[in-house]
Each structure stands twice: as structure tokens, then as C-alpha cells.
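*Asks:* Questions regarding the structure given below will be posed in turn.
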Amino acid sequence: MHLRVRDPGAPAQTGNDMIKNPAEKYVPFAPFTRDFAERTWPSRRIETPPIWMSTDLRDGNQALIEPMSVERKLRFFEQLIKIGFKEIEVGFPSASQTDFDFVRKLVDDKRIPDDVTIIALTQAREDLIQRTVEACAGARHAIIHMYNACAPAFRKIVFRMSRDEVRTIAVEGTKLVKAEVAKHPETHWRYEYSPEVFSTTEPEFALEVCNAVVETWQPTVQDKIILNLPATIEATTPNLYADQIEWMHTHLAQRDKIVLSVHPHNDRGTAVAAAEFAVMAGADRIEGCLFGNGERTGNVDLVTLALNLYTQGIHPGLDFSDIDEVRRCVEYCNQLPVHPRHPYAGDLVFTAFSGSHQDAIKKGFAVRQEGTFWEVPYLPIDPADLGRSYDAVIRVNSQSGKGGVSFLLEQEHGLILPRRLQIEFSRAIQRVTDETGREVTPHDVFEVFSSEYLDRETPIKLIRHRITGSPKTTGQKQFMIEVELEINGEVRHLSGQGDGAISAFLCALDIDARVMDYQEHAIGTGTDTRAASYIEMRIQDSANGYGVGIHEDIVTSSFLAILSAVNRHAAAGGSIQPRASAAA
Ligand SMILES: CC(=O)SCCNC(=O)CCNC(=O)[C@H](O)C(C)(C)COP(=O)(O)OP(=O)(O)OC[C@H]1O[C@@H](n2cnc3c(N)ncnc32)[C@H](O)[C@@H]1OP(=O)(O)O
Ligand SMILES: CC(C)C(=O)C(=O)O
């Protein structure tokens, strides 16, 4: 295909461009000549899951660049069983030897659990029906699924047939299926009929064909027929599809002997909505594919549908506890990637880069208590329910803020930064992300944090300290301290006293500095426990700045935090004047 870039100033062109008035070329689809005012579906809610039918191995497979081998089909089949599907369309056995062999393998190797029904699709042609039944014969439960297109364009262009002739294809095909399956009584056979392209078929005609098929098959309340109403090509807004479904639901004869099924495709990008509305409108069953594979823009995505229900508190009856494993399997079998933004399953769907999202998520996790309703902002589902970790929930780039940065430090290193330090440190990260224009990993964040706060050892480095007198030993309200420091490369011995260890240390340093805020907490537990100290200082007349120290000993960690603040001050060009000790 040839793509052209058009000069925006150029006059409208003909040829490959969009036309000025699409109404000259496209007719909007309206299923009813007048409004279907009797609709009730908009005020309904979905309270129970539909019957799920996976057509990955059929509709999904027929849309692949390379259809699945038997090995890939088997792997997919096992995965579908594991997820909990009870109805699986396994192929179009009359279409290819691979499909035929695969279905036979399932049956002959007894790979189909007793509570699972396989489905095989066929056109309404005698030889194809025979081959389809032959492929499934011997299975405990099997559904023969027959289709023929009923929409006006197909009657006119593909079949060149009248309505009566098209209805006859459906009825005669149904008779053939009935006769063929009767030859294999060891299998419990059911029948599914699809008026293909139902989405653009006149509802009255679809009804006429479906009623004729039901009459021919003669289902019972116990052994229902499946009538599947496909949006073979999604033709309109999902509300109109729902109207079509509700109209069929309320007008079909023998409705109690019918499982009403839908099969939405995603041409307009609204298959999920169409399927949900269809269930509200009376559908009992949905056919689709995992992650929305399928012809053109795909079949409706069953993962999204199932998990949409789950987030409304309704268990879908399908298990996606390890969604990554499901995704890997589907990607392998289809040889197609799942988009990183794909609902519930994409790599990025539980990740926030932007500052305000990160802030809200961090706060949501902080107040979250086990056993309470899920209420973490921006996360519609707990990633842990799908086997996803919280590791990637927050990632940092130039769009991020303090919440995200400090969340990473807390998650990865157990550091709980005071609010003002969060603000201060996020500026350091912002500088990096602005300079590089790239994401910073949790590892990068800690590196920046270390070089900004923890690795500051010049001009003053703590060598050792000794508290020589404390209120307990001296009987006075004073701490006495002796400190060995390296200052500008020279070892110094200083001493000081104060009401506490920190003030004694500051006295020994003899710097014009005040502690504005002091916070500490433990990191880890047991013998590995360390203390993290955060000290905000005002040194001389400069603006407040933080220092951070981490050490096994809590007092040492606070001294390190003071020196971290002092050294940062010096690095920023501030002056410091330590006093020489008496010994020096
Ligand atoms: C919406 C859907 O997804 S439907 C499923 C589509 N999937 C597939 O087609 C995949 C498997 N299909 C195939 O391998 C092949 O199409 C086969 C084996 C079924 C048939 O192959 P062929 O015999 O070569 O026919 P072809 O595919 O060209 O079918 C077209 C013919 O079947 C007729 N036809 C199409 N659909 C049907 C139907 N449901 N029932 C009866 N006849 C049909 C057409 O009118 C056309 O007839 P014509 O040759 O007299 O004009
Ligand atoms: C055969 C039918 C159900 C189909 O795949 C479709 O209409 O999309």
C-alpha cells in the first residue's frame, strides 16, 4: 500500500484521501426502521457470569498469520482447561488436516475432561458436515456449530440468493447435522446455529431463520439449542447491538429451549461494551478469544470481560490468578504480542509514571488494611489477585513526583522519607530525568539517593566516637562525647557535651547549625536491623537541608545524618568552621 503525506495547505484531493462528505459513501446502520422503545436492558445489571465459550482455537486461529500447529493448539487447549473454560471451540475440522487431526487427537487421547464440551464449526455443506461430525465422534460431549450468512450484502453478493433460499440453507444444513450425529450415539451431541453477520441482518429475517432452525432441530428445555447472534462485523454502536439482542430475546419462539449466545467482533473497538450490553439484554453466553485475538480487529476479549465482572464483585468462574502465565502461553501460541496497555494483562497497566497518580497510589497503599474493600486510587484491581507483584506499580521518569520516588525507596530499601525530604530528593531525581529524558530504575533512584546523602564524606568523615559520660555515669544532666573525624584529609579529635548525644556531637563540631527536624526508624528486623536517621538542619544562614545516615547503631546513624547535611552544605559552597580539639 502506498501512503502519502499531504500538504495541509493543499486543496482537497481525490484518490486515496478521506472524502469530504463520507455520507456520500457510507450509510449509517440502523437495525430498526423505528426506535425500539420497548428496550429494558439499559436499567439492568449483570449479576451472574454468562456461559463462556473460547473460540481461540477456531476464530482466533483462522486469523493468525501462521495458524497454530497441533503442538501449539494442544498447549492452548490445556491452558483454556486450566483457566476453567467448559466450552471450547476446537477448530474447523473440515477446513484442514491439522484441524481434523487435532480434534481427533483430543478425542482419541482422551484429553477432554468430562465436564468440557468441544465445539467444531462447519459451513452448511453436506461433505463438510460429515467430516466435522467424523472429527468429533467419540467425544463425551460435542457441539456441531453450523453457520450461514444472512445479511443483505451477503445474500446479494456472496450467495446471490433470495431470503427463502438462504433460510433453506440453514434448515437443510440443520437436517443434515441432525442425521449425521444420529449415527454416533456414544457422543452427547448438541447443536449451535449462527446466522452469520447477524449484526447487519434485518432482525425480522434473522428471527425467521432462527425460528425455522429451532423448529427443525427440536430442542428441549433440558437439551437446549444454542442460537449464536454474531456481530461478524461490528456495524454500529453497542447500544443498538443490545437492542437487536433484546428484540431477539423477546421475540424468539421456544425461548426456554434456547441458549442465546453472542459473538462480538471489535471492528469499532467496542466489542467489550457490546458483549456486556448484550448480556444485559438477555444473552446467556459469550463467544470470544483471550486478549481479543481474532479476525481483523479481533473477537471480544474474554479476559477483559471476565475481569470487568470480577472488579464488580462477581466471580467470573474463570481463573486468571497467574495472568502473566496465560499471556505468555497465548503469545507463544498465537505468535502475536499482547499490547503493553492491554486491560488487566499488559506490562504497563499497573504502572504509574505520573506524579499525581503515584502520590495517590502511595497513599492508597499506606492506608490499606488486609480484609477491607479494595480502594487504591488508579488501580481498579489488586495486581496481586492476578499474580502480579507491586514492583512495577510505580516507575519514575520526568513526569513523576515525590510520591513515586519515595515509594520506590520505601519498597526497595525500606526507607521512609519525611515529607520535606521527599520534596528535596525528588528535585535531585528530576534533574536526572530532565537531563537524560529517560526512566530511572529503582536501582538508579537508590544510586542518586546514596550519592546525594549517604556517600557524603568530605570534607568531614566520621571515624569513631565515644560517649565518655552520660547522665547515668556522671550524675549530671550532660552527655560527654569524644569524636575522631577526618577533616579535609586530616585526622582530628574533638570533644563536646550537651543535653543529648546529638547536641554533644554538634558541640564537638562547633558549627553554627541548628537541628530543625529529626526522624528515625528501623530498617529490617532481627540481627539485620539498621537505623535510618533523617536530620533537617539549618547551617549558618543557608536554607534548610537534610542529611541521612544509616547504621546498625542508632546514635551513629544520627551523627552520620548530621555530617551528611553538613557535607551537602559544604558541597553547595557553604562555609563550615569546626573547632580544633584541645588535644590537637
Ligand atoms: C465469520 C467466520 O469466521 S466463518 C468461518 C470462516 N472460517 C473459514 O473459512 C476457515 C476455514 N475455511 C476453509 O478452509 C474453506 O473455506 C472451506 C474448506 C470451508 C471451504 O473451502 P472451498 O470449498 O474452497 O470454498 P470457499 O472457502 O471458497 O467457500 C466459498 C463457497 O462456499 C459457500 N459458502 C460460504 N459460506 C457458506 C456456508 N456457511 N454454508 C454453505 N455454503 C457456504 C460460498 O457461497 C461459496 O460458494 P460458491 O463456490 O458456490 O460461490
Ligand atoms: C461463525 C460465526 C460465529 C463467526 O465466526 C462470526 O460470525 O464472526
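The values are calculated or read from the model by the stated rules, or taken from the named source; none is laboratory data. What you see is a predicted model, and the numbers here were worked out from it, not measured in a lab. Backbone-built Cβ (ideal geometry, glycine too); neighbour counts: all protein chains shown. Just the protein is used for accessible areas: all its heavy atoms, side chains included, with ligands, DNA and RNA removed. Shrake-Rupley method; radii C 1.70, N 1.55, O 1.52, S 1.80 Å.
*Asks:* Across the stretch 136-152, what is the total count of residues that are within 13 Å of ligand 1 (Cβ to nearest atom), out of contact with any Asp or Glu (no Cβ under 6 Å at 6 or more places or on another chain) and over 18 Å from Tyr191 (Cβ atoms)?
*Replies:* So the count comes out to 1.
*Asks:* Can you pull out the residues in the stretch 117-127 that are farther than 25 Å from Phe85 by Cβ and either buried (at least 19 other Cβ atoms within 10 Å of the Cβ) or within 11 Å of ligand 2 (Cβ to nearest atom) (or both)?
*Replies:* At the first step, the residues of the stretch 117-127 found to be farther than 25 Å from Phe85 by Cβ are 124-127.
Answer for the stretch 117-127, where residues must be farther than 25 Å from Phe85 by Cβ and either buried (at least 19 other Cβ atoms within 10 Å of the Cβ) or within 11 Å of ligand 2 (Cβ to nearest atom) (or both): just Ala124.
*Asks:* Might you let me know whether the stretch 237-255 holds any residue that is under 15 Å from Ile51 (Cα atoms) and under 27 Å from the mean Cα position of the chain (by Cα)? Spell out the reasoning first.
*Replies:* Of all residues in the stretch 237-255, those under 15 Å from Ile51 (Cα atoms) come to none.
No - not one qualifying residue is present in the stretch 237-255.
*Asks:* Kindly provide the set of residues from the stretch 115-141 that are under 37 Å from the mean Cα position of the chain (by Cα) and either modelled with pLDDT under 95 or of a type in the set (D, E, K, R) (or both), ordered by number.
*Replies:* Asp115, Arg140
*Asks:* Next up: Could you tell me whether any residue of the stretch 85-103 is more than 16 Å from ligand 2 (Cβ to nearest atom) and closer than 21 Å to Glu325 by Cα?
*Replies:* Looking through the stretch 85-103, at least one residue is more than 16 Å from ligand 2 (Cβ to nearest atom) and closer than 21 Å to Glu325 by Cα.
*Asks:* Next question. Which condition from (1) in a helix (DSSP H, G or I); (2) modelled with pLDDT under 95 is the one that Ser400 breaks?
*Replies:* The one condition Ser400 does not meet is (1).
*Asks:* Then there's this: Within the stretch 206-221, can you find the residues that are away from ligand 2 (no atom under 16 Å from the Cβ), part of a helix (DSSP H, G or I) and either of a type in the set (S, T, N, Q) or open to solvent by less than 50 Å² (accessible area, probe 1.4 Å) (or both)? Don't jump to the end; show me each part of the working.
*Replies:* Going through the stretch 206-221, the residues away from ligand 2 (no atom under 16 Å from the Cβ) turn out to be 207-208, 211-212, 214-221.
Next, from what is left, pick out any that are part of a helix (DSSP H, G or I): 207-208, 211-212, 214-217.
The answer is Leu207, Asn211, Ala212, Val214, Thr216, Trp217.
*Asks:* While we're on this one: Quick check: anything in the stretch 165-174 away from ligand 2 (no atom under 16 Å from the Cβ), under 30 Å from Asp101 (Cα atoms) and either in a strand (DSSP E or B) or open to solvent by 30 Å² or more (accessible area, probe 1.4 Å) (or both)?
*Replies:* Of the residues in the stretch 165-174, the ones away from ligand 2 (no atom under 16 Å from the Cβ) are 165, 167-168, 171-172.
Imposing the further condition that a residue be under 30 Å from Asp101 (Cα atoms) reduces the set to 171-172.
Those left that are additionally either in a strand (DSSP E or B) or open to solvent by 30 Å² or more (accessible area, probe 1.4 Å) (or both): 172.
Yes.
*Asks:* Just one of Leu408, Leu417 is under 30 Å from Ser533 (Cβ atoms), part of a loop (DSSP other than H, G, I, E, B) and aliphatic (A, V, I, L, M); which is it?
*Replies:* On the way: Leu408 fails: part of a loop (DSSP other than H, G, I, E, B).
Just one listed residue meets the conditions, Leu417.
*Asks:* Okay, moving on. Checking Gly469 against (1) open to solvent by 60 Å² or more (accessible area, probe 1.4 Å); (2) without any contact (Cβ under 8 Å) to a residue 40 or more places away in the chain; (3) touching a strand residue (DSSP E or B) at 6+ places or on another chain (Cβ under 6 Å); (4) not hydrophobic (A, V, I, L, M, F, W, C), only one condition comes out false. Which one?
*Replies:* All conditions pass for Gly469, except number (1).
*Asks:* Taking the condition of being open to solvent by 10 Å² or more (accessible area, probe 1.4 Å), outside any helix (DSSP H, G or I) and within 16 Å of ligand 1 (Cβ to nearest atom), how many residues in the stretch 64-116 meet it?
*Replies:* Qualifying residue count, the stretch 64-116: 8.
*Asks:* For the stretch 337-354, state whether one or more residues are more than 14 Å from the chain's Cα centre (by Cα), open to solvent by less than 10 Å² (accessible area, probe 1.4 Å) and in contact (Cβ under 8 Å) with a residue 60 or more places away in the chain.
*Replies:* no
*Asks:* Could you look through the stretch 181-205, keep only residues that are in a helix (DSSP H, G or I) and within 15 Å of ligand 1 (Cβ to nearest atom), and pick out the one that is most open to solvent (accessible area, probe 1.4 Å)? Working first, answer last.
*Replies:* Just the residues of the stretch 181-205 that are in a helix (DSSP H, G or I), to begin with: 181, 198-200, 203-205.
Next, from what is left, pick out any that are within 15 Å of ligand 1 (Cβ to nearest atom): 198-200.
Values: Phe198: 1, Ser199: 4, Thr200: 44 Å².
For the stretch 181-205, the residue satisfying everything is Thr200.
*Asks:* Answer yes or no: is there a residue in the stretch 260-273 that is open to solvent by 10 Å² or more (accessible area, probe 1.4 Å) and more than 22 Å from Glu295 (Cα to Cα).
*Replies:* no
*Asks:* Still on this structure: Of the residues in the stretch 230-288, how many are within 17 Å of Asp56 (Cβ to Cβ) and among the aliphatic types (A, V, I, L, M)?
*Replies:* Qualifying residue count, the stretch 230-288: 5.
*Asks:* Out of everything in the stretch 33-63 that is open to solvent by 20 Å² or more (accessible area, probe 1.4 Å) and among the hydroxyl-bearing types (Ser, Thr, Tyr), what residue ends up being farthest from ligand 1 (Cβ to nearest atom)?
*Replies:* The qualifying residue farthest from ligand 1 (Cβ to nearest atom) is Ser43.
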